[in-house]
Amino acid sequence: MRKEKFLPALVAGFSLAVLSVVPIIQLATCCLLAPLAGIFGVNLYYFQMKKDPEFRLEKSDGFQIGLLIGVISGFFESIFQTLLIFVSKDNPVHDSIILMQQYLPNINIPEIINEISREIDEKRFSALLTFTLFFNASVVNSIFATIGALLGISNIKKRIKEPFS
């Protein structure tokens, strides 16, 4: 993998992570923002590399950039969410437990979820929750950013009238 792919993926991934923690905007993260971040990252990479006469944009570039965007955005998003939980007086896990019990009164809440809620109440931090946020955001954002990156490559190749390889 070329080292030139890292900076566009970092910019797009960090931007995606910042937008993913904004309360109303975060609803559109997986279906709209992640693919747009993939398109944005591929375009940044293309504009950075198009001056090189030996450069040829490949599908694998989009795949790699999409995965990088997903992992980078997952990393920063988990940090931002953890910081928000740390500084706020809210416990989102406890709120989720209350909602689940309200709508599904006969459900048994797994003990691990209750433990995470207690840990947040006591320490304002949960390593397991942070890891879960990272893993979830990385997987989801990688999938959708890769789709967006491949669409971005297709669009670039149509604009420059180069065969899709």
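Where a number appears in this text, it was derived from the coordinates with a stated rule and is not lab data. Since this is a predicted model, take the numbers as computed values, not measurements. Neighbour counts run over all protein chains shown; Cβ positions are idealised from the backbone, glycine included.
Filter the range 95-116 down to residues that are surrounded by 12 or more Cβ atoms within 10 Å (Cβ to Cβ), closer than 24 Å to residue 140 by Cα and not aliphatic (A, V, I, L, M), then give me how many there are. So the count comes out to 1. Close Cβ contacts (under 7 Å, 6 or more residues apart or on different chains) running from residues in the range 51-66 that are crowded, with 16+ Cβ neighbours inside 10 Å to residues that are outside any helix (DSSP H, G or I) comprise 64/1. Taking helices (runs of 4 or more DSSP H) as the structural unit, those lying wholly within the range 1-117 and holding at least 1 residues that are of a type in the set (Phe, Trp, Tyr) and closer than 22 Å to residue 135 by Cβ correspond to 6-20, 59-87. Selection of the range 123-165 for residues being surrounded by 19 or more Cβ atoms within 10 Å (Cβ to Cβ) and outside any helix (DSSP H, G or I) yields only 126.
Within the range 25-39, being in contact (Cβ under 8 Å) with a residue 60 or more places away in the chain and hydrophobic (A, V, I, L, M, F, W, C) holds for 30, 31, 34, 36, 37, 39.
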